[in-house]
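Engineer: This is the structure, below, for whatever I ask next.
No lab work stands behind these numbers, since they all come straight from the coordinates. Keep in mind that this is a model prediction, so the values were computed, not measured. Please note: Cβ atoms are built from the backbone with ideal geometry, for glycine as well, and neighbour counts cover all protein chains shown.
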Amino acid sequence: MDKKPVTKTNFMLDTLVRIQAFGSNASEAIDKAFNRINDIEKKMTAKADSSEVVEINKRAGEDFYKVSSDTFFVIKKSLQYSKSSKGKFDITVGPLVKLWGIGTDKARVPALDEIKEALELVDYNQVELKESENSVFLRKPGMSIDLGGIAKGYAADEVVKTLRENGIESGTVDLGGNIFVLGTKPDGKSWKIGLQNPFDTRGSIFATVEVADKTLVTSGPYERYFEENGKQYHHILDTYSGFPVENGLMGVTIISDSSIDADALSTAVFSLGLEDGMKFIEAQKNIDAVFVTIDYGVCTSLGIEKYNFEIIDRQFHIIKK
């Protein structure tokens, strides 16, 4: 195996994507992985003039729309997480996302009656699937799905699958904070991965873990937000109140085997808060989490010790559950 990696970056899925791979076929494998991400983005974006998601949304209240097996799989998986998190993760959050406009130049604090109106369209129970036809129907006019909280996870899983199919046994994938490490490092050691410091810019870390063949996904308000009248409003919206989640958390990192699971869980668990979020994680198999509170407290799930979790920034301190 080539000891020097091939690394390529690209801007996709609204984020900077960086793929690093070891092996004689690395360059070609990475190009194929980028093509796969491009394929997924074209199908699942809610921001383009046309995509499978856009077409589903256009037909809300009117008709089913047949989609690819990719999009159907992601929507079906989303609905499973919507159900298990009692709607704290909900792909029908589209009307709220559009109303707040966070991450666009139209970001604003909506009026209460606007929020109330949008909330009436947020209900994962109103999504109907026809498994035999891969088709999707939103029962209420004005409803819209947004796969922003899960599509990157699916893309990360598919990138790793593509790399493996092309003979890559060692590498790293970073989709704007969705990290997936493939195998071990070429020397057989685990990868040492830094956990995002939610109080600082992307790339600054507060702790490290050692992992192989695992994915790490972090959610927190630091990713996208705007300020109005001295108050910050972030992009993780509470599907109950219609406002950004406020529950004393600053970040949640999920460690698991599947990035689609970790992506959905990071949003769901952040929205549930520390106590309920921890209970939710402890009920899952082979999934671990690190929670960071607004006062630099760190709380970890029981299984985190196996990853040699270590805090490297002294501002942070362990708190007991």
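Engineer: Setting aside same-chain residues fewer than 8 positions from Lys8, which lysines have a Cα under 24 Å from its Cα?
Structural biologist: Lys32, Lys42, Lys43, Lys152, Lys161, Lys185, Lys189, Lys192, Lys214
Engineer: Along the charge dipole of the chain, which of Val74, Pro5, Val127 sits closest to the positive end, that is, farthest toward it, with unit charges on the beta carbon of Lys, Arg, Asp and Glu (+1, +1, -1, -1)?
Structural biologist: Of the candidates, Pro5 comes out farthest on the positive side.
Engineer: Between region 152-219 and region 281-321, what is the C-alpha centre distance in whole Å?
Structural biologist: 18 Å
Engineer: Of Lys86/Lys130; Lys3/Lys77; Lys76/Lys98, which ones are farther than 32 Å apart at the Cα?
Structural biologist: As for pairs spanning more than 32 Å Cα to Cα, those are Lys3/Lys77.
Engineer: A further question on this structure: How large is ³J(HN,Hα), in whole Hz, for each residue of region 240-253 in order, when computed from phi with the Karplus curve 6.51 cos²θ - 1.76 cosθ + 1.60 and θ = phi - 60°, using x for Gly and Pro?
Structural biologist: Calculated HN-Hα couplings, in order: 9, 8, x, 9, x, 4, 10, 8, x, 9, 10, x, 9, 10 Hz.
Engineer: Moving to a separate point now. Ranking Ile260, Ile318, Ile193 by Cβ neighbours within 10 Å, fewest first, what do you get?
Structural biologist: Starting with the residue having the fewest Cβ neighbours, the order is Ile318, Ile193, Ile260.
Engineer: For a paramagnetic label modelled at 7 Å from the Cα of Arg224 toward its Cβ, which residues of region 22-54 fall within the zone defined by backbone nitrogen distances under 13 Å?
Structural biologist: Inside the label zone: 45-48.
Engineer: What is the gain in length, in nm to one decimal, between Ser24 and Glu62 on full extension, counting 0.36 nm per residue of separation less the C-alpha to C-alpha distance?
Structural biologist: Length gained between Ser24 and Glu62: 8.5 nm.
Engineer: Under the classification rounded if a/c is under 1.5, otherwise prolate if a/b is larger than b/c and oblate if not, where does region 134-183 fall, given a ≥ b ≥ c as square roots of the Cα gyration tensor eigenvalues?
Structural biologist: oblate
Engineer: For region 180-186, just list the computed ³J(HN,Hα) in residue order, Karplus coefficients 6.51, -1.76 and 1.60, θ = phi - 60°, integers in Hz, with x standing in for Gly and Pro.
Structural biologist: Values, residue by residue: 9, 9, 9, x, 9, 5, x Hz.
Engineer: Take Lys140 and Lys47, extend 7 Å from each Cα along the Cα→Cβ direction, and tell me the distance between the two endpoints in nm.
Structural biologist: The two pseudo-label positions are separated by 2.6 nm.
Engineer: Compare the peptides 4-14, 45-55 by average per-residue count of other Cβ atoms within 10 angstrom and give them in order, highest first.
Structural biologist: Answer by packing, highest mean first, reads 45-55, 4-14.
Engineer: Could you tell me which helices of the chain pass both thresholds, a Cα extent of 15 Å or more along their own axis and a mean Kyte-Doolittle hydropathy of at least 0.5, with helices taken as whole DSSP H runs?
Structural biologist: 259-272
Engineer: Glu131 versus Ser84, label points 7 Å from Cα toward the beta carbon: distance in nm?
Structural biologist: 1.7 nm
Engineer: So between Thr201 and Asn286, what do we pick up on full extension, going 0.36 nm a residue minus the alpha carbon distance?
Structural biologist: My answer for the length gained is 27.6 nm.
Engineer: Charges at C-beta only: +1 for Lys and Arg, -1 for Asp and Glu. How large is the resulting dipole of region 52-138 about its Cα centre, in Debye rounded to 20?
Structural biologist: It comes to approximately 320 debye.
Engineer: Also, I was wondering about something else. Which whole-number percent gives the relative contact order of the chain, counting Cα pairs below 8 Å spaced six or more residues apart?
Structural biologist: So the answer I get is 16 percent.
Engineer: Can you give me the distance in nm between label points at His317 and Leu16, each placed 7 Å from the Cα along the Cα-to-Cβ direction?
Structural biologist: 3.4 nm
Engineer: Take the Cβ-Cβ distance between Glu55 and Lys4 as r, set R0 to 35 Å, and report the resulting FRET efficiency rounded to the nearest 0.05.
Structural biologist: About 0.20, to the nearest 0.05.
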